[in-house]
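Please read the structure below before turning to the comments.
The values are calculated or read from the model by the stated rules, or taken from the named source; none is laboratory data. Not measured: the values here are computed from a predicted model. Cβ placement follows ideal geometry from the backbone for every residue including glycine, while neighbour counts extend to all protein chains displayed.
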Amino acid sequence: MRDAKAAPMGPIHAADDDANPTLRNAEALLAAGLIQPSALAAVAATEARYAVALSAAMRALIRTPDDPIGRQFIPDPTELIVSPHESLDPIGDDALSPVKGVVHRYADRALLKPLLVCPVYCRFCFRREHVGPDGGVLTDAELQAAYAWFADHPEVTEIILTGGDPLMLSPRRLADIIGTLSGMPHVQTIRIHSRVPVADPERLTEALAAAMETDRSMWLVVHANHAREFTRAAGAALRRVRALGIPVLGQSVLLRGVNDSAAALEALFRAMIAHRVKPYYLHQLDAAPGTARFHVPIEEGRALLELLRGRVTGLAWPTYVLDIPGGLGKVPIGPEYLRADGTVRAPGSGDAD
Ligand code: SF4
């Protein structure tokens, strides 16, 4: 259980607008007209289990609570129902953590999670057991231990800053981390995974963007699931990053009721390209507890992507991937066009292999 009302402290960048605060509990959602009075107790019980945050930027996009934006952030009492196949650690991070805040799954790269705070809390999050406003900020001693681990592993040439959301850090704290990692001769690439550019674009100030500067190969990977998330403010935030020569990739999750149609996916990928964001991964939903209402079967996902083949520029094509449960890593699961016998299947032929 967590205190969903706790205010972000210390190294976290406090950018909440007092006149337009992030909604963090059932009462606030009720006052905003996003849940019914009859649902208050059930939503409060859900909020006591999983963190809630709906930023002003995302709230402004919600037309009805069950629309593609509302579904992503408004808690639903079904989240307390855990299906048999769901897991507290669906992608196996915990078993692959050599020191607190580090996950090492692949030979040449590793994750660093400096905090577990996010601008919004997605109801389908695969780290929902861990993320929240009150936790996960690595202490200085823990950060030093993480740095020592990276220094001892020269085979790790790429570091992925994730969390939580690294762009919730203050510019000074982020610059310290990137500066320290950039001082390690074997670190060639640093990637930042973030929801901030779309979920709370005002937070991505020039100062925060400047904190990302390094002489290493820096990439920003933005998590967005619907075309409407690419607002004018999001576009401005992305420009602040691009102005520094940092390329931007997009990652999305295939979600029932959010982007589970060819038209929604096409609009999302086209919105990314229009904002110079290269679609990178489309993730199959991970089996985190209480997320069944978002599940789209893989065969349906493959059929949706087939409908886009030939209709959308190849620039807009992400790789459809599944994180194999148990920490075995990502595998591409997109539609196959080449048969084992060397013949080619026409896209949309319905001739599934
Ligand atoms: S922003 Fe990312 S880490 Fe945070 S709740 Fe959403 S999916 Fe999870």
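Below are the figures for this structure:
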| quantity | calculated |
| --- | --- |
| Number of the exception - residue 218 against (1) touching a Gly at 6+ places or on another chain (Cβ under 9 Å); (2) within 16 Å of the ligand (Cβ to nearest atom); (3) not charged (D, E, K, R) | (2) |
| Tabulated pairs, segment 57-70, first in a loop (DSSP other than H, G, I, E, B), second loosely packed, with under 11 Cβ neighbours inside 10 Å, C-beta under 8 angstrom, 6+ apart or interchain | 69/63 |
| Number of the exception - residue 146 against (1) at pLDDT 95 or above; (2) under 23 Å from residue 105 (Cβ atoms); (3) within 14 Å of the ligand (Cβ to nearest atom); (4) buried (at least 22 other Cβ atoms within 10 Å of the Cβ) | (3) |
| Of all residues in segment 51-109 being farther than 26 Å from residue 268 by Cα and among the basic types (Lys, Arg), the one that is surrounded by the fewest Cβ atoms within 10 Å (Cβ to Cβ) | 100 |
| Hey, residue 334 at positive phi and not hydrophobic (A, V, I, L, M, F, W, C) or not | no |
| Condition met for residue 240 (among the basic types (Lys, Arg), more than 30 Å from residue 185 (Cα to Cα), modelled with pLDDT of 95 or more and outside any strand (DSSP E or B)) | no |
| Residue list for segment 86-123, filter: more than 20 Å from residue 322 (Cβ to Cβ), in contact with a helix residue (DSSP H, G or I) (Cβ under 9 Å, 6 or more places away or on another chain) and more than 12 Å from the ligand (Cβ to nearest atom) | 98, 99, 100, 101, 102, 104, 110, 112, 114 |
| Considering residues of segment 124-133 that are more than 6 Å from the ligand (Cβ to nearest atom) and either within 17 Å of residue 200 (Cβ to Cβ) or in contact with a Lys or Arg (Cβ under 7 Å, 6 or more places away or on another chain) (or both) only, the residue modelled with the highest pLDDT | 132 |
| Flag if residue 195 is within 16 Å of the ligand (Cβ to nearest atom), over 23 Å from residue 114 (Cα atoms) and either crowded, with 24+ Cβ neighbours inside 10 Å or modelled with pLDDT of 95 or more (or both) | no |
| Flag if residue 82 is among the hydrophobic types (A, V, I, L, M, F, W, C) and modelled with pLDDT under 95 | yes |
